[in-house]
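Trainee: Supplied in structure tokens, the structure appears directly below.
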């Protein structure tokens, strides 16, 4: 029962706080962008939990997340910035699990992971 409740709470937060008043894909993306930018406490460390073709990270890699990528970069996926092999790169937030972070950061990342896992898109 608690699991179902958490999903209802998460769905309500997404609907009423994150994408409220969003009338199209661009507005949903910006809702997510500003929610994450506000809730994530940078910098923080994260572990890659899934390899994806568009990212150099491999499962198990640990990195420092410095900030959100630019708004323009986040129109299709939520990307965060890290330093990788002497370069600043953007990687998908969906492939990361935060390490030892505050409750706000944990909840925001879990909200994004939930959105992605449900197959929602902009």
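Trainee: Counting other beta carbons within 10 Å of each Cβ, put 80, 52 in order, fewest first. Numbers along the way, then the final one.
Mentor: Working: 80 26, 52 13.
With the fewest neighbours first, 80, 52 line up as 52, 80.
Trainee: Let me ask something else. Counting only helical runs of four or more DSSP H residues, what would the 222 nm mean residue ellipticity of the chain come to if each run contributes -39,500 (n - 2.57) and the total is spread over all its residues?
Mentor: Calculated from helices alone, the mean residue ellipticity at 222 nm is -11000 deg cm²/dmol.
Trainee: Output the 0 to 90 degree angle, nearest 10, between the alpha-carbon long axis of helix 25-39 and the longest principal axis computed from the alpha carbons of the chain.
Mentor: Roughly 70 degrees, rounded to the nearest 10.
Trainee: Next question, about the same structure. Which of 114, 33 has the fewest other C-beta atoms within 10 Å, and how do the rest follow up to the most?
Mentor: The most exposed by this proxy come first: 114, 33.
Trainee: Return the ratio Rg/(2.2 N^0.38 Å) for the chain, where Rg is computed over Cα atoms only.
Mentor: Dividing the Cα radius of gyration by 2.2 N^0.38 Å gives 1.04.
Trainee: Between residue 102 and residue 42, what is the label-point separation in nm under the 7 Å Cα-to-beta-carbon projection?
Mentor: Distance between the two pseudo-spin positions: 1.5 nm.
Trainee: Still on this model: Quote the relative contact order of the chain in percent (integer), defining contacts as alpha-carbon pairs under 8 Å separated by 6+ residues.
Mentor: Relative CO of the chain lands at 25 percent.
Trainee: In which sequence would 87, 66 go, from the one with the fewest C-beta neighbours within 10 Å to the one with the most?
Mentor: Least crowded to most crowded, the residues run 87, 66.
Trainee: In percent, what relative contact order does segment 35-79 have, based on Cα pairs under 8 Å that are 6 or more apart in sequence?
Mentor: Result for segment 35-79 is 34 percent.
Trainee: How would you classify segment 11-67 from its alpha-carbon gyration tensor, with a ≥ b ≥ c the square roots of the eigenvalues: rounded for a/c under 1.5, else prolate if a/b is greater than b/c, otherwise oblate?
Mentor: Prolate, since a/c reaches 1.5 and a/b exceeds b/c.
Trainee: In nm, what is the difference between 0.36 nm times the number of residues separating residue 49 and residue 86 and their Cα-Cα distance?
Mentor: Gain on extension, residue 49 to residue 86, equals 11.1 nm.
Trainee: In degrees, nearest 10, range 0 to 90: what is the angle between the Cα axis of helix 2-13 and the longest Cα principal axis of the chain?
Mentor: Once rounded, one gets 90 degrees.
Computed from the coordinates by the stated procedures, all read-outs in this text should not be read as laboratory data. Since this is a predicted model, take the numbers as computed values, not measurements. Every residue, glycine as well, gets a Cβ built from its backbone with ideal geometry; the counts of neighbours run over all protein chains shown.
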